[in-house]
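Reviewing the structure listed below.
The values are calculated or read from the model by the stated rules, or taken from the named source; none is laboratory data. Owing to the predicted nature of the structure, the values given are computational and were not obtained by experimental measurement. Here the Cβ positions follow ideal geometry from the backbone for every residue, glycine too, while neighbour counts run over all protein chains shown.
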Amino acid sequence: MKQKIIIDTDCGSDDAMAIAMAMNDAKYEVLMISTVAGNVTLDQATDNTLLTLEKVNTYFPPVYKGCATMLNKKLFYAYETHGNDGMGDYGYKPTYLKCNKDNGILKMLEVLEKEPNKTIDIIALGPLTNIAVAFKLNPDSMNRARNIYVMGTSGLGVGNVSPVAEFNIWQDPEAAKAVVESGFPNLYFIGWDACLDDNMLDKDDIERISTSGELGKFVIEINRKLLEINYERFSGEFLDMADPAAMAAALHPECIDKCKKYYCEVDTSKGPSEGSVLIDVNEFSGKEPNAYIISHLIPSEYKNYLFKTLCK
């Protein structure tokens, strides 16, 4: 029997790659996708999700819109990293798939109630706004999920929007705080550090994917803005693919190298550490661990999973 999953996404170029991975793994069934503002506007994230499903062309789970704004913070879109359309400014648009009219958060709760208890994994690739609102509306339904995987935090490393904060958590720290404090027992954060260093896609990896077929070409093309930035950041042709790393950890746990449960606390202050996550590595607080931090993947396992699911 296939493992059932729900994907929540602010679909930019790395989200699209991650969604393609899930859609191409026969062990999993994506029941629905909810969209949230983050990398781009809610409408653009929704169009990008529909476009990705068309490009993958395996099956078509329903797509629903969630939150267009953060809980208590102005949005700062990631146009510099992903382009004005979130997909490298290639001008791609969905041609035949349409978004469902139902609310994504309410539909998520409905699906969790409908399916057997503890059988669905939620994979969140963007700000946690939808997830936080769902917990607020119906914590009992949310607690029917088996696991919640989040691309978020800087892990045990440094931030990518400030010295200490990672983009998804920083976009809506109040939402992240609500999720961390929800008491959900199997909450996994895949930190930004998990996609760095030996887990970055290098020139050979990029060429292997881009020349493998139409899908591989698409998922590399839409990340061209990130490639341009990374020429300066990393002095070469590299892609640090945060959402694909999170998806790989969720769907192919054999690739996980370092994972431990810590006490975590989200900083919602308006100071320089806003959006950072305190991870009590040395147990100074004496508080019970409340979230797993996945901070490193096994490069060969991770990359081979990417090749398996993207080189079609």
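Some points to look at:
- Residue in region 249-256 that is of a type outside the set (S, T, N, Q), surrounded by fewer than 17 Cβ atoms within 10 Å (Cβ to Cβ) and more than 19 Å from the chain's Cα centre (by Cα) present: no
- Pair list, Cβ < 7 Å and 6+ apart or interchain, from region 104-115 residues that are over 19 Å from VAL36 (Cα atoms) to residues that are among the polar types (S, T, N, Q) and modelled with pLDDT of 95 or more: GLU113/SER141
- Those helices (runs of 4 or more DSSP H) of region 116-189 in which 2 or more residues are within 23 Å of CYS11 (Cβ to Cβ) occupy 129-137, 167-171, 173-180.
- Entirely in region 236-312, the strands (runs of 3 or more DSSP E) that have 2 or more residues that are in contact (Cβ under 8 Å) with a residue 60 or more places away in the chain, of a type in the set (Val, Ile, Thr) and touching a strand residue (DSSP E or B) at 6+ places or on another chain (Cβ under 9 Å): 277-279, 291-297
- Candidate set: region 84-106, residues that are part of a loop (DSSP other than H, G, I, E, B) and hydrophobic (A, V, I, L, M, F, W, C); chosen: the one surrounded by the most Cβ atoms within 10 Å (Cβ to Cβ): MET87
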